[in-house]
Structure formats: structure tokens, C-alpha cells
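I have placed the structure first, in the form of C-alpha cells, so that the comments after it can refer back to it.
The values are calculated or read from the model by the stated rules, or taken from the named source; none is laboratory data. A quick note: this is a predicted structure, and the numbers were derived from the prediction, not measured. Neighbour counts are summed over all protein chains in view; Cβ atoms, including those assigned to glycine, are modelled from backbone coordinates with ideal geometry. SASA here: full protein model, heavy atoms, side chains in, ligands and nucleic acids out. Shrake-Rupley method; radii C 1.70, N 1.55, O 1.52, S 1.80 Å.
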Amino acid sequence: MTKYWPAELAVKALQEEGVEVMFGILGGHIQAIIDYSYRAGIKIIMTRHEQAAVHAADGYARIMRKPGVCFATGGPGMLNMITGIHMAYVSRTPMVFLFGGHKEKESHRGAVQEAYAADICKSITKWTVRVTEPEMASYFIRKAFKDAMTPPYGPVGIEFPVDTFNFEPIEASSQIAYLPGQWRETAPARQATDPAYAQRAVELLSKAKRPFIIAGEGVHWSNAASQLQALAEKLQIPFNIRRLGRGAIPEDHPLSISGGARKRVIEEADVVLLLGLNVGYLESFGEWKTNAQFIQLQSCADDVLPTLPTTLEIVADPGMVLEQMLAVSNVVDADNTGKDIWTGQVRDIQGKFLQRMTEEAVKVSQDAPIHPRWLSKVVSDIITPDMTLVFDSFTASTFLGEHLLAKQGAQVLDAGLSAAFGHGIGMAIGAKLARPNDRVLVMMGDAGVGLGGGDIETAVRYDIPVVYLVYNDSALAAGLEQYAYGENFRVLGSEAYKGFRLTQDVRYDQMFAPLGCHVEHVESPADIAPALERAFASGKTAVINLIATRHSQHPLYESATAREMFWHLPADEVEEPVRKRHHEYLYPKFHNGKKIGE
């Protein structure tokens, strides 16, 4: 009977799960799987750093709505993936990690690249297992894909010790707990809710005088954009869509509310449908100032917030429930009496917010070095539905997020709750492979280039035409001098500025030109849009080096969430803005009126 190397059977299992592309770096402990993947026709993208491979697979997965796959050798290869794995975990991206593993027979004997992925990754994956029986490999591969796509979505890992896994050929029939080929004829049924709950939700929203919808990534993963738009229009409900769901309904829709205008709408709403959003830090943990009653519709019970006054809780597939609600709304007469007053008020709030953004941008439109507010307006003005954006800049991405009106689902990819940087280079590679006809733009900082810039060569090598716009403000955190620390970070000592500033005005365009990139250098605000158009028209991997101001203030500094960043600084030495906001106002607010030192 024919025998196969276990790695070959593992690759067959990957193909049976629909794997067409994988990302990673070669290495002896994982090489057998890589070799058979090549031979099987799976597209392999070899990156320069394993972290970039994870980010690429992450971007690919988010757009394709299926698990991204990446691989690495044991020990340092696996460890280089950790930041990317964490980002995928907190972003709830379905992914499958294939780790090479040191020889089982050499464990605890000083083996080369000895490390245990199952132990290291247990807090940042749904599960990770070390497969010591080759006959079990295909079972765990199939289980990994199934579990990664079971709400809440997330990454899983499989570690293959090179000796026990691929020591000798085995018969395909010896595989344990595995049915070769297609094991189910159709995709799993989507979970509906009790029809009475769907009807009750429609009644609550229909009778509300000031209804509002806050939606999130669940709209994207459940492919529910058309259902949500139909329901919002039918019942005349304003909406705000967050994170990966941004653009599922174009944000220039008359019922759409930008994130910057959302707070006031929540305050005035009387019924809020919270739909498919994993509420956390970025939404103030749902601690909104409002008297509204909530309908919570989530794909998993873990996402239901017990801190919100909830009239109705539904745990089911968001798209399926929206279809049920649409069916009900076609039977039940929608009471839109007075809704035009509410929608008019909301449009006024949105209009004033957009006007303020434009006015603030115009004020700095001639500034050189370039201000992120004007840069963000220029970029947002050229956004089309066939463009994908990756946010990878602490300063510039925040400003762009305020100006942007997204026009397609998953148009914006970011680090989410990871809040890491340097992911944009790899994530854009995956995004472009998933959307080959889209223009892909990365808004990234000079710190991100320093961390992940080597993989711009990967994009060049595989002819992946991504535009990397480097917001070069020569700083790790712009605006901190004027806001808190004083000129040259005097509060911290004479040498401290070297830890916050980067080498001034580095020519990143010249750095990447020898690779064959199309490059641009921009210092004038008037040159931003032409440089972007030339970069996209080049059809090449492109790097735009844009010289920006290091004195713009990030909105985070003023927020209450940043309070612990500043309270420890001597109040009599810091700059006035931080002293007034954090020392004199926020500290007493959060300490029952006590002042610092009391």
C-alpha cells in the first residue's frame, strides 16, 4: 500500500480546507510542509521577517473572510510571530499558524531552537497544540480551520516536532479521526433567533423616537451589509459602523454618522441596536452617557455587555437575524412618525462635524512641514470604492480616521486593540493579494518603517504594487514636547530627546529606490495628491516620503484614558497643557477631589 510523508498528507489537508496562499519564512523544522506546499501549487510568499508574514495573512483573512495561513520554523521563527499573533487574537481574525518544532527526542537536552509554542501562545490563540503523532496532523488541521471560524473568531496554532512528525512515511489510511476529502456538502447553517425576538426588535426600533444603530466587525464577517442598509432605510435609523465594518454601507450615506459625531447621537438616542461589535477600550467599554435602552445582537454570548440597560439580547448570526427583522418589517407597519425630525437632527450633527474637520484642515493647508490634518483631508478626498487602506501611523492614521468616509466593507485595516505599529507593510501585501484589482495604500509612520521596512523588498520581489505613504515626522510620538515635556524634553534631562526623536528628515524614498520601488519625496502640501497619483499609476511597489511636522498634538493626550501617562510628572516642571488637563483637572476627578500629593 502506498505510503506518504506526513508533511504531504498535511498539505493535502490544507488544500481540502481551501488554502491557496501561505505566508512565512523557511526553516529546517517546517521545511517539509513548505516543500510539499510548493509542489502542490499553493502560492508561497516568503517574507523577510515572520511578523510580516503574520500581518500579511491577517490582512488576507480579513478581506477574504476565511482563515489566513502562515508558517515559521521552531524557536525564534515562532517567537518572531508573537506580536502578529497577538494582533490577530485581539482583532479576532481567523488564522491558522503552522509552527515547526524542535525534535521531541531532544527536548530538555539543549535542542536547537527549543521552545514550546503551545505554552507560549496559550493566551493569544484559541488553542495551540504540539502534534507528536503524525497520524493526528490532518485531524488538527481540519479542527483548526473549523474552530478559527467559530465565533468568536480567532487564531489557532499547530506545532510539528520535526522528528515525530516527519520521521518516516505512513499510510493515508492510518490517519486518526480524519475523513479524507470533503467531509460536509454545504457550509454550516447560519444561526437564526427566535422569530418572536426578531419581531420584538423591529417593534422597539419602529416605535422609538430616536433610534440609533452601532455596528461593528460582525457586519463584515456575516456579510450583512445589504441587510443592514435595507433595515436602516426601511425604519429610517441613523447608524455608525466601526472597525472592519466601516464602509459596509458607504459612509456618505445620509443616515451614516462618523465616529467623531457618534457621542452626541448616543447621548440623545432612546433605543440603540448594538450589532456585531466587540465593545472594549476603543468604545470606552460601553460606558456611554445615555438614557437609551439597548438591543444587543451579537454572534457570541461573550460579546453581550451586562453593563448596558438591555431590553433585548440576541445571540445569533447578525446577517441571519437582520434578514428575519427585514421580513418582519415588511409585514409590520413601520411607525416613522417624527423620524424625519430625528434624522434631520442627526444629519445636522454629522454635517457640522464634517464642516469642522474641513475648516480645521484648511487652517493648516499651507503648513510645511505638512500637518496630519491637511494630509488626511487630501487622502480622504481621493478615496474611491476600489481602494483599501491600512492604518499604521500613531499620529497620521488617527487624523485620517476622522476625515475618511469609507466606501466599501473592510476598506480600513488596522491594528485594533493591539495598538502596535509596523504591521502595515505586511498587512498590505496580504490585502493586495486578496483584492488584486484594488489600489492599496498604507498610511504609516517613520517608526513603522524602521520596524518592518525590510518587507518592502518582499512586495517588490513578488511584484505586489502597494503604495507606502511614510508620514515622516522624525518622532516616535509627535507633540509631546509642547504638550507635556517641554522643548527637547527638558523635564527628563539633556539627553532625553534622543529617545523620542528620530534622525531628522530621513530620505526613505532614497533608501528604497535601489530595490526598484517607485519613489516620491514630498515637502509641500500642494505635492501630496500628484505624488499619490503618480505612485498608483506606476504599477510598482511605491514609497512616498512625506515630511511632516513633529509638533502636531495627538487627540489621545487630552483624553482621560491617557491620565496615567502624565500624573507622575512634576506638576511644577511640565508644560501648561498637561498640568491643567491632567494634574489639576483629571487627577482630582478620579480621586474624589484630592489633589496630587494630598
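A straight Cα-to-Cα reach below 17 Å connects Lys363 with the lysines Lys352, Lys377, residues fewer than 8 places away in its own chain not being considered.
Sequentially through region 157-173, phi angles give Karplus couplings (6.51, -1.76, 1.60; θ = phi - 60°) of x, 10, 10, 10, x, 5, 7, 6, 7, 10, 6, 7, x, 9, 7, 4, 5 Hz, Gly and Pro residues having no value and appearing as x. Just to verify a number: FRET efficiency for Asn291 and Lys589, C-beta to C-beta distance, R0 = 22 Å, to 0.05? With a Förster radius of 22 Å, E is 0.50.
Rounded to 0.05, the FRET efficiency of the Leu26 and Ser284 pair, given R0 = 60 Å and the Cβ-Cβ distance, is 0.85.
Surface composition of region 446-591: carbon plus sulfur atoms hold 52% of the accessible area, using a 1.4 angstrom probe and ignoring ligands, DNA and RNA.
Helical content alone sets the calculated 222 nm signal of the chain at -10000 deg cm²/dmol, taking -39,500 (n - 2.57) per DSSP H segment of four or more residues and averaging over every residue. By accessible area, using a 1.4 Å probe on protein heavy atoms only, region 66-174 has 55% of its surface on carbon and sulfur. Rounded to the nearest 20 debye, the dipole magnitude of region 178-274 is 180 debye, with +1 charges on Lys and Arg beta carbons, -1 on Asp and Glu beta carbons, and the Cα centre as origin. Once the C-beta distance of Asn437 and Met565 is scaled by a Förster radius of 45 Å, the resulting FRET efficiency is 0.60 to the nearest 0.05.
Each Lys and Arg Cβ is given +1 and each Asp and Glu Cβ -1; about its Cα centre, region 1-67 then shows a dipole of about 100 debye. Just going by the charge dipole of the chain, with Lys and Arg at +1 and Asp and Glu at -1 on Cβ, which of His29, Asn336, Val449 is farthest out on the positive end? Looking along the dipole axis, the top candidate is Asn336. Once divided by 2.2 N^0.38 Å, the Cα radius of gyration of region 311-364 becomes 1.82. The computed Cα Rg over 2.2 N^0.38 Å for the structure shown corresponds, within (i) 1.03; (ii) 1.42; (iii) 1.57, to (i).
Computed over region 65-105, relative contact order equals 60 percent, with contacts defined as Cα pairs under 8 Å that lie 6+ residues apart. Averaging the sequence gap over all C-alpha pairs within less than 8 Å and six or more residues apart, then dividing by the number of residues, gives the chain a relative contact order of 12 percent.
The residues of the chain present an accessible area of 41 Å² per residue when probed at 1.4 Å with all protein chains retained. For region 528-598, the relative contact order works out to 19 percent when only alpha carbon pairs closer than 8 Å and six or more residues apart are counted. Cross-link reach is defined here as a Cα-Cα straight distance under 15 Å, omitting same-chain residues fewer than 8 places apart; for Lys126 the aspartates and glutamates meeting it are Asp147, Glu159, Asp302. Within the straight-line cut-off of under 20 Å between alpha carbons, the lysines reachable from Lys207 are Lys234, Lys339, sequence neighbours fewer than 8 places apart in one chain being disregarded.
The charge dipole of the chain, taken about its Cα centre with unit charges on the Cβ of Lys, Arg, Asp and Glu (plus for the first two, minus for the last two), comes to roughly 480 debye. Taking 0.36 nm per residue of separation and subtracting the current Cα-Cα distance, fully stretching the chain between Glu106 and Gln345 would add 79.1 nm. Applying both filters, DSSP loop and at most 11 other Cβ atoms within 10 Å, to the trypsin sites (Lys or Arg not before Pro) of region 272-376 gives Lys289. Modelled this way, with points 7 Å down the Cα-to-C-beta line, the labels at Glu598 and Lys498 are 4.2 nm from one another.
Positive end of the dipole of region 474-598 (Cβ unit charges, origin at the Cα centre): among Tyr585, Pro514, Gly539, the Cα lying farthest that way belongs to Tyr585. Let me make sure I get this right: for region 1-124, a, b and c are the square roots of the gyration tensor eigenvalues over alpha carbons, sorted descending. Under 1.5 in a/c it's rounded, otherwise prolate if a/b > b/c, else oblate. Which is it? It comes out oblate by the Cα gyration axes.
Apolar share of the accessible surface for region 286-438: 51 percent from carbon plus sulfur atoms, 1.4 Å probe.
Listed cross-link partners Lys12/Lys432; Lys407/Lys432; Lys12/Lys540 are compared with a 24 Å cut-off, the Cα-Cα value being larger for Lys12/Lys432; Lys12/Lys540.
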